[in-house]
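**Student:** The following block contains the structure, expressed as structure tokens.
The values are calculated or read from the model by the stated rules, or taken from the named source; none is laboratory data. Everything numeric here is computed off the predicted structure, so don't read it as measured data. Glycine also receives a Cβ, built like all others from the backbone with ideal geometry; neighbour counts cover every protein chain displayed.
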Amino acid sequence: MTVRVALVGCGTVARRVHLPGLRAAGADVVAFASRTRSSAEHAAREWGGGDVVDDWHEVLERSEVDAVDVCTPNASHGEIAVAAVRSGKHVLVEKPMACSVEEADRMVDAADRAGVVLMPAHNARFGRPFGAMRQAVARGDIGQVLSFRCAWGHAGPEHWAPDAGWFRDPALAGGGALTDLGVHVADVLRSVLDDEAVAVSALLRPGANGGGGERVEDVAQLLLRFSQGAVGSLQASWAVAAGGDHQLTVQGTGGTLHLDDRTLPTLLPAGGGDPVQLELAEKSPGVFETFVDAVEYGSPLVVTAADGRAAVALVAAAYRSAASGHLERLDGTDRGDR
């Protein structure tokens, strides 16, 4: 069968990322809804067919819709996802999965009750370099993990989505660079280390004014401790003036793993041995292929709703730390131990 999808939210990420991904995965997008009809019409033209609807609730009543792909501003992810799963639709939701742990819980509980797939679009963990680092850590190539440094940054959302001013409106976005990019790094760290964060301390640098004159952060700097003892830093930034900044270094008792925009994942052995470039898998399944296979064949998910919730919980704890000025702890519930 062909998985039939309704796209809710037809902005830049939907048109640049989700529509090509769904096409490559063999899905058919049969309905389009967005905050403005013109945006939905634009997406439908690019896809080459499908119905344009004015109200996203309408697609939930359609028997020909198997799944809903949610690409709306962050603050509406929970409402749409919960309504969709309660109507029996599978759901793929753009990151962050939700703007609060409580909202993520409602989404997970609703999907569990309905028996449908709920998957956050954490595309970064599907990258082959991160997969190679994850395998190296699991094999014990660097011994016991001691520390890490990671960063994810670019020049700001307006540089790749100039029409999406909602990113700087806290009422719609739920936060700034930490909400937008921090969930990527949180998910990658949990995957590569195969461990859970237990404590976080955070500093935020406010950026430009958003909707209503409020300011969201341009830069977030976090210090983290994981349950097996590793400590390190995480930076999420919309203030990278030249290109992007994507890097991950993991240090252990037996060596160091390093990856950045110019360096493939490399093992630096302890004692000064020659660097060894990690072997990358020939092919890695992507977000959309994984989602479609889960809907069509019941295949296991690479990234689950619990993973999405855990990333939201880490970000939420970081915001609490920035507000309180104190170290914030994550208990088992916050970490998505479900």
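**Student:** Filter the stretch 304-330 down to residues that are free of Cβ contacts under 8 Å to residues at least 24 places away in the same chain and assigned to a helix (DSSP H, G or I) and give me whichever is surrounded by the most Cβ atoms within 10 Å (Cβ to Cβ).
**Tutor:** Only one residue fits best here, namely 320.
**Student:** Sticking with this one: Within the set of pairs 6+ apart or on separate chains, which have a first residue in the stretch 155-166 that is within 13 Å of residue 72 (Cα to Cα), a second that is assigned to a loop (DSSP other than H, G, I, E, B) and modelled with pLDDT under 85, and C-beta atoms under 9 Å apart?
**Tutor:** Close Cβ pairs (under 9 Å, with a partner that is assigned to a loop (DSSP other than H, G, I, E, B) and modelled with pLDDT under 85) amount to 165/210; 166/210.
Yes or no, residue by residue, for (1) of a type in the set (Gly, Ala, Ser); (2) closer than 20 Å to residue 163 by Cα; (3) touching a Lys or Arg at 6+ places or on another chain (Cβ under 9 Å); (4) surrounded by fewer than 23 Cβ atoms within 10 Å (Cβ to Cβ):
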| residue | (1), (2), (3), (4) |
| --- | --- |
| 18 | no, yes, no, no |
| 26 | yes, no, no, yes |
| 30 | no, no, yes, yes |
| 38 | yes, yes, no, yes |
| 68 | no, no, yes, no |
| 85 | no, no, yes, no |
| 105 | no, no, yes, yes |
| 109 | no, no, no, yes |
| 116 | no, no, yes, yes |
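**Student:** Still on this structure, I have one more. Output the qualifying pairs, or none if there are none: Cβ atoms under 8 angstrom, residues six or more apart or on different chains, first residue in the stretch 1-24 and more than 20 Å from residue 60 (Cα to Cα), second residue β-branched (Val, Ile, Thr).
**Tutor:** 21/287
**Student:** Okay, next question. Out of 212, 182, I need the residue that is modelled with pLDDT under 95 and assigned to a helix (DSSP H, G or I). Which one?
**Tutor:** Only one candidate passes the filter, namely 212.
**Student:** Which of the residues belonging to the stretch 114-126 are more than 12 Å from residue 187 (Cα to Cα) and of a type outside the set (A, V, I, L, M)?
**Tutor:** Initial filter on the stretch 114-126 (more than 12 Å from residue 187 (Cα to Cα)): 114-119.
Within the stretch 114-126, 115 is the sole residue that qualifies.
**Student:** Would you be able to tell me the number of residues in the stretch 89-107 that are under 13 Å from residue 307 (Cβ atoms) and out of contact with any strand residue (DSSP E or B) (no Cβ under 7 Å at 6 or more places or on another chain)? Spell out the reasoning first.
**Tutor:** Of all residues in the stretch 89-107, those under 13 Å from residue 307 (Cβ atoms) come to 93, 95-98, 104, 107.
Pick out the ones that are also out of contact with any strand residue (DSSP E or B) (no Cβ under 7 Å at 6 or more places or on another chain) and you get 96, 98, 104.
Result for the stretch 89-107: 3.
**Student:** Hey, does the stretch 295-303 have a residue that's touching a residue at least 12 places away in the same chain (Cβ under 8 Å), over 23 Å from residue 117 (Cβ atoms) and surrounded by 15 or more Cβ atoms within 10 Å (Cβ to Cβ)? Explain how you work it out, then say what you get.
**Tutor:** As a first pass, look at the stretch 295-303 and keep what is touching a residue at least 12 places away in the same chain (Cβ under 8 Å): 295-296, 301-303.
Restricting the remaining residues to those that are over 23 Å from residue 117 (Cβ atoms) gives none.
Looking for residues that are touching a residue at least 12 places away in the same chain (Cβ under 8 Å), over 23 Å from residue 117 (Cβ atoms) and surrounded by 15 or more Cβ atoms within 10 Å (Cβ to Cβ), one finds none in the stretch 295-303, hence no.
**Student:** Shifting gears a bit: So residue 86 passes all but one of these: (1) assigned by TED's automatic domain parsing to the domain that holds residue 59; (2) charged (D, E, K, R); (3) under 14 Å from residue 303 (Cβ atoms). Which condition number does it fail?
**Tutor:** (3)
**Student:** May I ask you to verify whether residue 167 is over 29 Å from residue 16 (Cβ atoms) and aromatic (Phe, Trp, Tyr)?
**Tutor:** Here the answer is no, as residue 167 does not meet what is asked.
**Student:** Then there's this: Which one of the conditions (1) without any contact (Cβ under 8 Å) to a residue 60 or more places away in the chain; (2) surrounded by fewer than 20 Cβ atoms within 10 Å (Cβ to Cβ) does residue 146 fail to meet, given that it meets all the rest?
**Tutor:** Going through (1) without any contact (Cβ under 8 Å) to a residue 60 or more places away in the chain; (2) surrounded by fewer than 20 Cβ atoms within 10 Å (Cβ to Cβ) one by one, residue 146 breaks only (1).
**Student:** Between 171, 132, 138, 151, which is under 21 Å from residue 303 (Cα atoms), exposed (fewer than 15 other Cβ atoms within 10 Å of the Cβ) and either in contact with a Pro (Cβ under 6 Å, 6 or more places away or on another chain) or in the same structural domain as residue 185 (by TED's automatic domain parsing) (or both)?
**Tutor:** 138
**Student:** Scan (1) surrounded by fewer than 18 Cβ atoms within 10 Å (Cβ to Cβ); (2) among the hydroxyl-bearing types (Ser, Thr, Tyr); (3) closer than 30 Å to residue 27 by Cα; (4) touching a residue at least 12 places away in the same chain (Cβ under 8 Å) for the single condition residue 253 breaks and write down its number.
**Tutor:** Against the list (1) surrounded by fewer than 18 Cβ atoms within 10 Å (Cβ to Cβ); (2) among the hydroxyl-bearing types (Ser, Thr, Tyr); (3) closer than 30 Å to residue 27 by Cα; (4) touching a residue at least 12 places away in the same chain (Cβ under 8 Å), residue 253 comes up short only on (3).
**Student:** Kindly indicate whether residue 45 is more than 16 Å from residue 4 (Cα to Cα) and basic (Lys, Arg).
**Tutor:** In short, yes.
**Student:** Then there's this: Select from the stretch 248-289 the residues that are closer than 30 Å to residue 304 by Cβ, in a strand (DSSP E or B) and of a type in the set (A, V, I, L, M) and list them in ascending order.
**Tutor:** 248, 250, 257, 259, 264, 267
**Student:** Which numbered condition in (1) surrounded by fewer than 22 Cβ atoms within 10 Å (Cβ to Cβ); (2) in contact (Cβ under 8 Å) with a residue 40 or more places away in the chain is the only one that residue 177 fails?
**Tutor:** Status for residue 177: all satisfied but (1).
**Student:** State whether the residues of the stretch 301-321 include one that is more than 20 Å from the chain's Cα centre (by Cα) and on the phi > 0 side of the Ramachandran plot.
**Tutor:** no
**Student:** When the stretch 15-32 is examined, which residues are found to be in a helix (DSSP H, G or I) and farther than 18 Å from residue 290 by Cβ?
**Tutor:** 15, 16
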